[in-house]
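This report refers to the structure that appears directly beneath it.
The values are calculated or read from the model by the stated rules, or taken from the named source; none is laboratory data. This one's a predicted model, so the numbers in the text were calculated from it and none came from an experiment. Note that we place each Cβ from the backbone using ideal geometry, even for glycine, and neighbour counts take in every protein chain shown. To get the accessible areas, we keep the full protein, side chains included, count just its heavy atoms, and leave off ligands, DNA and RNA. Shrake-Rupley method; radii C 1.70, N 1.55, O 1.52, S 1.80 Å.
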There are 2 protein chains.
Amino acid sequence: MSIVNHELYKVFYWAAKTGSLSQAAKALYLTQPSVSHAIKQLEESLGITLFYRNSKGVALTQEGAVLYSYIEKSHILISIAEKKMTELKNLDSGELKIGGSESLFKHYLLPFLEEFHQQYPGIGLSLIHGTTPEIISYLKEGRVDLGVVRMPITDPQLEVREGIQLQDCFVAGAHYADLKNKVITLEMLLEYPIILFSRNSRARMGITELFHGYGYELKPEIEVGSVGLLIECAQKGLGISYVTREFVSKELEDGSLFEIQLDVQLPPSQVGIMIMRNMPLSRAANQFIERIK
Amino acid sequence: MSIVNHELYKVFYWAAKTGSLSQAAKALYLTQPSVSHAIKQLEESLGITLFYRNSKGVALTQEGAVLYSYIEKSHILISIAEKKMTELKNLDSGELKIGGSESLFKHYLLPFLEEFHQQYPGIGLSLIHGTTPEIISYLKEGRVDLGVVRMPITDPQLEVREGIQLQDCFVAGAHYADLKNKVITLEMLLEYPIILFSRNSRARMGITELFHGYGYELKPEIEVGSVGLLIECAQKGLGISYVTREFVSKELEDGSLFEIQLDVQLPPSQVGIMIMRNMPLSRAANQFIERIK
DNA sequence: GATTGACTATAGACACGGTCTATATCTCCT
DNA sequence: AGGAGATATAGACCGTGTCTATAGTCAATC
């Protein structure tokens, strides 16, 4: 192990670079005797004379020049590191990795991401798609800084903040126009082909459970893999899709889809922003979460 | 300029490398609280959290990992530098550059060089030929560590130690066998073709001056560029060579040359070992000079 | 659900040493 | 000879790096 105080190398670097102990002292905001003392200490620690001194300043000895060739590189690395740290601190560089579903990115996070990117263009953005359990494991592995998923999340290692509240609903296209402006029951709804999200999404589990609670079994006619397809299938008249209302606001507005009015209240769902408990956030992630609030 | 005490990076390096403040403390021969304090200090200086802590130890944050990528390289460089310094100190590596004439290397320094190289095989040897003024300028430029030339040397920037004493003399080969065992005068000598070293060597200047002191002018019939040729020419009977007796001991012994006995005493010449005054010697050079004494 | 062990954080005290001022010394230059 | 500018040395002081002691936290184990 090194016996030498690394701080002495910093002094050595400046003394060698400037060829003057006085100059080095200036650069280091020290006095000349301090630098003189530091160099002597370094020389004694190494057992080698590093400089020869004359009335004009100092010059490296052969051995000192060898040392300098290493210390210079080392010092430059540290300088770069410190510059990089300042950038990271000022959010001039860095990376923000977010886990979530495509639809949440598209319909919920996008405006925040846009604003964030505009303010901190140096920060790279990584959006990683996955199911809720996948995202949780990404979080634990450190592959994402934060996750955006549907509540509730119960993992004790995670800290969850509530985000926006969403409302799921059933929508249909022109083919089922006769259902428009009618209030229908769950039982009636089951007569129609239902289109659900294929994966074990929280939304699907919720609605299945709701039907179960009323004694019915919800079996989809069609299962699709994305919110985009849910919308498209409903528009084409293939059935009635269960979607998040906020994600089809455009289609509801232009009339290509309409919402089925039910006699029961469908449960709202909360978006949660997950981070690891007891793990400091990156500055970028921290700043981003502040924005969302 | 860096605000951070570089010693803190050493602590950071070990903490990051071992993933534990306690382990780092052990490696640094410190206590755990000291390391904890140092890391906190570093984090505050940079304004960035570098580790997250848990009951198992510490782990780098994103930003900490960035810092580590630089500090690790920097630290490795310093380690190599310190290893190299130890080598230089122990004379396991380094270089010894000596300036001198070919003949002095061959007939005077060779045995010392041999012994030195045997004891310190890690030290590279550089023998640089040149005239006395050339060697002096090499010394001043730092291109050689020490010079070995004929005395006297009067340069005030140089420090000269006396080496071996040499005796110049005139020698001839079989062709001038009639001069053998005769004592002859300078005037008589001038009747014969004289062979001198061509360059402005100290030896030639000395003998020319000696003749001048007696009222004669010494003009060589032949001028040659090396001691080897001086010997060869004399052996071939081309004339009488002025050489250093110690450099022709082999030829004097095997009878291919004999020394001309003069009625005046030729001045001896001293070998001097020159080093720069007020400039520390490299450890290798220092050690070598100790050997010569 | 106590208990134990391994780890880090905090508090407070002490002493070492890093830094300063003042001064000496040296060399070069005018 | 004197001045400018460089390094070396001496000695004093203050800061801070380091220690001991203790608390707090988490995880595993019985």
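Mind checking which helices (runs of 4 or more DSSP H) fall wholly inside segment A:43-145 and carry at least 3 residues that are within 19 Å of residue B:78 (Cβ to Cβ) and at the interface with chain B (Cβ under 9 Å from one of its Cβ atoms)?
Details: elements: A:62-89, A:110-119, A:132-141.
Ranges flagged: A:62-89.
Evaluate the following for residue A:31: is it within 16 Å of DNA strand D (Cβ to nearest atom), within 11 Å of chain B (Cβ to nearest Cβ) and among the β-branched types (Val, Ile, Thr)?
Numbers: within 16 Å of DNA strand D (Cβ to nearest atom): yes; within 11 Å of chain B (Cβ to nearest Cβ): no; among the β-branched types (Val, Ile, Thr): yes.
It is false that residue A:31 is within 16 Å of DNA strand D (Cβ to nearest atom), within 11 Å of chain B (Cβ to nearest Cβ) and among the β-branched types (Val, Ile, Thr).
Inside segment A:162-190, can you point out the residues that are part of a strand (DSSP E or B) and touching a strand residue (DSSP E or B) at 6+ places or on another chain (Cβ under 6 Å)? If you could, list the steps in order and put the result at the bottom.
To start, the set of residues in segment A:162-190 that are part of a strand (DSSP E or B) comprises A:162-172, A:183-184.
Passing the criteria: A:162, A:163, A:164, A:165, A:166, A:167, A:168, A:169, A:170, A:171, A:172, A:183.
Residues in segment A:256-293 that are more than 18 Å from residue A:138 (Cα to Cα) and polar (S, T, N, Q): A:256, A:261, A:265, A:269, A:270, A:287. Of the listed requirements (1) open to solvent by less than 40 Å² (accessible area, probe 1.4 Å); (2) at pLDDT 85 or above, residue A:132 misses just one: (2). Within this structure, residue A:66 fails the test of being out of contact with any Asp or Glu (no Cβ under 8 Å at 6 or more places or on another chain), in contact (Cβ under 8 Å) with a residue 24 or more places away in the chain and farther than 14 Å from residue A:4 by Cβ. Taken over segment B:155-180, the residue count meeting the criterion of being buried (at least 16 other Cβ atoms within 10 Å of the Cβ) and under 21 Å from residue B:211 (Cα atoms) is 7. Is it true that residue B:246 is of a type outside the set (S, T, N, Q) and at pLDDT 85 or above? Yes, satisfied.
Scanning segment A:1-12 for residues that are part of a helix (DSSP H, G or I) and either touching a Cys at 6+ places or on another chain (Cβ under 9 Å) or near DNA strand D (Cβ under 10 Å from one of its atoms) (or both) gives a single hit, A:7.
Here residue B:90 clears all of (1) closer than 30 Å to residue A:7 by Cβ; (2) in contact (Cβ under 8 Å) with a residue 24 or more places away in the chain; (3) among the polar types (S, T, N, Q) except the condition numbered (2).
The single condition among (1) in contact with a helix residue (DSSP H, G or I) (Cβ under 6 Å, 6 or more places away or on another chain); (2) more than 16 Å from DNA strand C (Cβ to nearest atom) that residue A:35 does not satisfy is (2).
Among what's in segment A:42-52 and is open to solvent by less than 70 Å² (accessible area, probe 1.4 Å) and not aliphatic (A, V, I, L, M), pick the residue that is farthest from DNA strand D (Cβ to nearest atom).
Residues of segment A:42-52 open to solvent by less than 70 Å² (accessible area, probe 1.4 Å): A:42-43, A:45-52.
Applying the additional criterion that residues be not aliphatic (A, V, I, L, M) yields A:43, A:45, A:47, A:49, A:51-52.
Working: A:43: 9, A:45: 14, A:47: 16, A:49: 10, A:51: 7, A:52: 9 Å.
Only one residue tops the list, namely A:47.
Yes or no: residue B:7 closer than 17 Å to residue A:5 by Cβ and not hydrophobic (A, V, I, L, M, F, W, C)? Yes. Reported count of residues in segment A:13-27, each being open to solvent by less than 20 Å² (accessible area, probe 1.4 Å) and within 12 Å of DNA strand C (Cβ to nearest atom), is 2. For residue B:72, are the conditions met, namely being open to solvent by 50 Å² or more (accessible area, probe 1.4 Å), modelled with pLDDT of 90 or more and more than 9 Å from DNA strand D (Cβ to nearest atom)? Yes: the conditions hold for residue B:72. Taking the criterion of being touching a residue at least 40 places away in the same chain (Cβ under 8 Å), among the basic types (Lys, Arg) and under 23 Å from residue A:269 (Cα atoms), the only residue of segment A:219-255 that qualifies is A:245. Only a single criterion out of (1) in the same structural domain as residue B:17 (by TED's automatic domain parsing); (2) away from DNA strand C (no atom under 16 Å from the Cβ) is not satisfied by residue B:105, namely (1).
Restricting to segment A:113-165, what's the tally of residues that are charged (D, E, K, R) and in contact with a Gly (Cβ under 8 Å, 6 or more places away or on another chain)? Total meeting the criteria: 5. Residues in segment A:39-89 that are basic (Lys, Arg) and closer than 24 Å to residue B:276 by Cα: 3 in all.
For segment A:78-108, a residue qualifies if it is basic (Lys, Arg), within 30 Å of residue A:246 (Cα to Cα) and open to solvent by 50 Å² or more (accessible area, probe 1.4 Å), and exactly one does: A:106.
Residue-wise test of (1) farther than 12 Å from residue A:85 by Cβ; (2) more than 8 Å from DNA strand C (Cβ to nearest atom); (3) surrounded by 20 or more Cβ atoms within 10 Å (Cβ to Cβ); (4) charged (D, E, K, R).
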| residue | (1), (2), (3), (4) |
| --- | --- |
| B:11 | yes, yes, yes, no |
| B:29 | yes, yes, no, no |
| B:40 | yes, no, no, yes |
| B:54 | yes, no, no, no |
| B:63 | no, yes, yes, yes |
| B:76 | yes, yes, no, no |
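Say we look at segment A:13-27 and pick out the residues that are near DNA strand D (Cβ under 9 Å from one of its atoms) and part of a helix (DSSP H, G or I); which of these is nearest to residue B:82 (Cα to Cα)? Break it down into steps so the answer makes sense when it comes.
Pass one, segment A:13-27, residues near DNA strand D (Cβ under 9 Å from one of its atoms): A:15, A:18-25.
If we keep only those that are part of a helix (DSSP H, G or I) as well, we get A:15, A:18, A:21-25.
Values: A:15: 18, A:18: 22, A:21: 22, A:22: 26, A:23: 25, A:24: 22, A:25: 24 Å.
Filtering first and then ranking leaves A:15.
Residue check: residue A:52 meets all listed conditions (1) in contact (Cβ under 8 Å) with a residue 40 or more places away in the chain; (2) in contact with a Pro (Cβ under 6 Å, 6 or more places away or on another chain) but one, namely (1).
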